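**Student:** Sharing a structure, written as structure tokens. Questions coming.
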Amino acid sequence: MNASLLAGLVGAALVGLGLYGLIAHPHPLRKLLAFNLVGSGVFLVFGVVARRGAAAGYAFDPVPQAMVITGIVVAFAASALAVALILRLAVASGGVSLDPQGPAGRDAGEME
Amino acid sequence: MSFLADLVSLAAIGAGVFFFIAGTVGLLRFPDSLTRLHALSKADNLGLGLIVLGLIPRAENPLAAFKLVVVWALVLLSGASTAQLIGRALRRGRE
Amino acid sequence: MSVLPLLDVGLALLVVAVATWTMAARDLFASVLGYVAYGLLLALVWVRLHAPDIGLTEAAVGGGVTGVLLVTAGKRLDALKAATSGAAPRLRVKILAGALSALVAGALAFVVASLPTPAPSLAPQAAAAAAGPGAGLGNPITAVLISYRAFDTMLEKIVLALAVLGIWSVGADAAWGGAPAPLRKARPDGAMVLLAQILAPIGALIGVHIFWVGADAPGGAFQGGALLAAMWMVAMMARLVEAPRIGSRALRLALISGPAVFLAVGLAGIAMAGSFFAFPPAFAKALILFIETFMVLSVAVALPMMVAGPPEGGQEP
């Protein structure tokens, strides 16, 4: 078992953990955190691809590495946009439940 | 000369690791947040300082050694500040 | 027998354990703190994969700035006293979710274990770009970002500007042009002010250093920019500076300067070197540093504005 295979297995485990959290947590900020976990797992798997692509005198393939760097920054931008939407939802509806049958959704329904 | 440097590295890094382990045990075993904070800040400051001391003889050039010391100084600064912030937040919560 | 494989296994177990704890923690705040620790541990994994550049980015953006974003979001949500309800899903759903997640993770692990050998690689092309016509960059990743895949990087800068625009437009109409809410409402603690006063100047210097050495060593525009962004946020949290009004022309110019300069130099390449994003060999390195300087500026401004969120109120006195 070498370091890159190990990192790839960790990446796979992270994707699984994040996916479970994304489904099981009712709170949207927790879902967002879980989604970031999935993202970092995918980046790690891509990083393993970069490590295995060592050639031309480099210990890694620089192209996937560069794409992971831009990916991390874009993932942050997406998270920040999601946070803004969640906070807006809380202001607009008084709750952050994504469940249309949840308390916040039901309250809104009764008010109409 | 290089034997002596290795000896210094070994002794200092070993002592640093000891402080980190002691701090971690404290973090896990101490009863409340303030004592845990105490254990943790000792481990950070002294343990990392000793490890940096042990790494200095192995640095490739004086600039690299200087960078190691800067890393330690920055950790000291942020560690001390966050310990203060957490401690004060705890006291506020207790009142 | 080296001790490194043992450390690798220990690190791998620790990363998975902290990630599990992050998912399992009852409290949002605890879970965010777990995520920050997880980001730092992941940076170590990246170093083990010979990817110190990604390690720097992960530690700064994945751990640090994302942590501040989520902690701030949690505090703002508490202040709104919003119903954070939504019942946890039923046991049946949880079991199904667990089975699905295990299936996906297992499939991915199978794929990772059966990747083709020899692995395909674009490293020779990247090496050509780094050595290539006059670029003379020692860090192949910087060469890929600015030269070999220049178009991607420019579009990514546009994505950052669009994300800021999207966040701003979520705010109330009446607040347009105003300043975002401060990162911390309360009067800052003396320790926080002292930390910001000492750390921010040193951190800013290190940020510029990391950008500057990025041509030849691990580092670059993203990492340096993220560090500058973090220092700006530390100063904002200590209330040494306030978030600027979003109507500010200087702010808007700084935000779009990265992609704009990148695009302008790319277009100039048609005239000077014969194709889009081609750099004339004589001053390729100077041009790359010129583009990167504005990229640093854009990243350093965009990240804190994303954390600060949409402009506040309109009804505020």
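**Student:** From the list C:L69, C:L103, C:L145, C:L77, exactly one residue is at the interface with chain A (Cβ under 8 Å from one of its Cβ atoms), in a helix (DSSP H, G or I) and without any contact (Cβ under 8 Å) to a residue 60 or more places away in the chain. Which is it?
**Tutor:** Details: C:L69 fails: without any contact (Cβ under 8 Å) to a residue 60 or more places away in the chain; C:L103 fails: at the interface with chain A (Cβ under 8 Å from one of its Cβ atoms); C:L145 fails: without any contact (Cβ under 8 Å) to a residue 60 or more places away in the chain.
Result of the check over C:L69, C:L103, C:L145, C:L77: C:L77.
**Student:** Right, something else. Only one residue in C:A271, C:A230, C:A282 is in contact (Cβ under 8 Å) with a residue 60 or more places away in the chain, loosely packed, with under 14 Cβ neighbours inside 10 Å and assigned to a helix (DSSP H, G or I), so which one is that?
**Tutor:** Details: C:A271 fails: in contact (Cβ under 8 Å) with a residue 60 or more places away in the chain; C:A230 fails: loosely packed, with under 14 Cβ neighbours inside 10 Å.
The conditions single out C:A282.
**Student:** Quick check: is even one residue across the stretch C:210-226 more than 16 Å from the chain's Cα centre (by Cα) and part of a helix (DSSP H, G or I)?
**Tutor:** yes
**Student:** May I pose another question? Restricting to the stretch C:292-311, and then to whatever is on the phi < 0 side of the Ramachandran plot and in contact with a strand residue (DSSP E or B) (Cβ under 6 Å, 6 or more places away or on another chain), can you tell me which residue is farthest from the other protein chains (Cβ to nearest Cβ)? Working first, answer last.
**Tutor:** Kept after step one, since they are on the phi < 0 side of the Ramachandran plot, are these residues of the stretch C:292-311: C:292-308, C:310-311.
Pick out the ones that are also in contact with a strand residue (DSSP E or B) (Cβ under 6 Å, 6 or more places away or on another chain) and you get C:308, C:311.
Details: C:A308: 10, C:P311: 11 Å.
Per the criteria, the residue is C:P311.
**Student:** Do the conditions hold for C:A163, that is, is it of a type in the set (A, V, I, L, M), in contact (Cβ under 8 Å) with a residue 60 or more places away in the chain and more than 12 Å from chain A (Cβ to nearest Cβ)? Don't jump to the end; show me each part of the working.
**Tutor:** Details: of a type in the set (A, V, I, L, M): yes; in contact (Cβ under 8 Å) with a residue 60 or more places away in the chain: yes; more than 12 Å from chain A (Cβ to nearest Cβ): no.
Judged against the criteria, C:A163 is not a match.
**Student:** Quick check on this structure: which one of B:G47, B:G16 is touching a residue at least 24 places away in the same chain (Cβ under 8 Å) and either closer than 24 Å to C:L194 by Cβ or not in a helix (DSSP H, G or I) (or both)? First the steps, then the outcome.
**Tutor:** Numbers: B:G16 fails: either closer than 24 Å to C:L194 by Cβ or not in a helix (DSSP H, G or I) (or both).
One residue alone meets the criteria, B:G47.
**Student:** Can you name the residue in the stretch C:31-52 that is without any contact (Cβ under 8 Å) to a residue 12 or more places away in the chain and at the interface with another protein chain (Cβ under 10 Å from one of its Cβ atoms) and is also surrounded by the fewest Cβ atoms within 10 Å (Cβ to Cβ) among such residues? It would help to see each step written out before you state the result.
**Tutor:** Step one: list which residues in the stretch C:31-52 are without any contact (Cβ under 8 Å) to a residue 12 or more places away in the chain, which gives C:31, C:47, C:49-51.
Narrowing further to those that are at the interface with another protein chain (Cβ under 10 Å from one of its Cβ atoms): C:31, C:49-51.
Values: C:S31: 23, C:L49: 24, C:H50: 19, C:A51: 29.
That would be C:H50.
**Student:** Scan the stretch A:63-83 for residues that are touching a Ser or Thr at 6+ places or on another chain (Cβ under 9 Å) and facing chain C (nearest Cβ under 7 Å) and jot them down.
**Tutor:** A:V63, A:A66, A:V68, A:I69, A:T70, A:I72, A:V73, A:F76, A:S79, A:A80, A:V83
**Student:** B:L85: part of a helix (DSSP H, G or I) and out of contact with any Phe, Trp or Tyr (no Cβ under 7 Å at 6 or more places or on another chain), yes or no?
**Tutor:** Values: part of a helix (DSSP H, G or I): yes; out of contact with any Phe, Trp or Tyr (no Cβ under 7 Å at 6 or more places or on another chain): yes.
Judged against the criteria, B:L85 is a match.
The rows are residues; the columns are (1) modelled with pLDDT under 90; (2) touching a helix residue (DSSP H, G or I) at 6+ places or on another chain (Cβ under 7 Å); (3) over 22 Å from A:F46 (Cβ atoms); (4) part of a helix (DSSP H, G or I).
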residue: A:T70; (1), (2), (3), (4): no, yes, no, yes
residue: A:V74; (1), (2), (3), (4): no, yes, no, yes
residue: A:A77; (1), (2), (3), (4): no, yes, no, yes
residue: A:L85; (1), (2), (3), (4): no, no, yes, yes
residue: A:A90; (1), (2), (3), (4): yes, yes, yes, yes
residue: A:Q101; (1), (2), (3), (4): yes, no, yes, no
residue: A:E110; (1), (2), (3), (4): yes, no, yes, yes
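**Student:** With respect to C:T57, determine if the residue is among the β-branched types (V, I, T), assigned to a helix (DSSP H, G or I) and buried (at least 24 other Cβ atoms within 10 Å of the Cβ).
**Tutor:** So C:T57 fits the description; yes.
**Student:** Suppose we keep only residues that are assigned to a helix (DSSP H, G or I) and more than 7 Å from chain C (Cβ to nearest Cβ) within the stretch A:23-37. Which one would you say is modelled with the lowest pLDDT? Give the derivation first.
**Tutor:** Here is the first cut: in the stretch A:23-37, the residues assigned to a helix (DSSP H, G or I) are A:23-24, A:28-37.
Filter again for more than 7 Å from chain C (Cβ to nearest Cβ), leaving A:28, A:31-32, A:35.
Details: A:P28: 88, A:K31: 92, A:L32: 93, A:F35: 94.
Checked the stretch A:23-37; the qualifying residue modelled with the lowest pLDDT is A:P28.
**Student:** Given (1) facing chain A (nearest Cβ under 9 Å); (2) at pLDDT 90 or above, identify the lone condition not met by C:L28.
**Tutor:** In the conditions (1) facing chain A (nearest Cβ under 9 Å); (2) at pLDDT 90 or above, C:L28 misses (2) alone.
**Student:** Those residues that are surrounded by fewer than 17 Cβ atoms within 10 Å (Cβ to Cβ) and more than 10 Å from every other protein chain (Cβ to nearest Cβ), I need them from the stretch C:194-207; list them, please.
**Tutor:** Within the stretch C:194-207, C:Q197, C:P201, C:L205 qualify.
**Student:** Can you name the condition, by its number, that B:K42 falls short on among (1) assigned to a helix (DSSP H, G or I); (2) surrounded by fewer than 14 Cβ atoms within 10 Å (Cβ to Cβ); (3) among the charged types (D, E, K, R)?
**Tutor:** (2)
**Student:** Residues of the stretch C:106-123 being facing chain A (nearest Cβ under 7 Å) and surrounded by 13 or more Cβ atoms within 10 Å (Cβ to Cβ), which ones?
**Tutor:** In the first step, residues of the stretch C:106-123 are kept if they are facing chain A (nearest Cβ under 7 Å); the result is C:108-109, C:112-113, C:115, C:119-123.
Listed by number, the residues that qualify are C:L108, C:A109, C:V112, C:L115, C:A119, C:S121, C:L122, C:A123.
**Student:** Mind checking which residues of the stretch C:177-193 are within 14 Å of chain A (Cβ to nearest Cβ) and either touching a strand residue (DSSP E or B) at 6+ places or on another chain (Cβ under 7 Å) or at pLDDT below 85 (or both)?
**Tutor:** First, the residues of the stretch C:177-193 that are within 14 Å of chain A (Cβ to nearest Cβ): C:180-181, C:183.
Result: C:P180, C:L183.
The values are calculated or read from the model by the stated rules, or taken from the named source; none is laboratory data. Predicted, not measured: the structure shown is a model, and the values here were computed from it. A quick note on method: Cβ atoms are made from the backbone with ideal geometry, for glycine too, and the neighbour counts reach across all protein chains shown.
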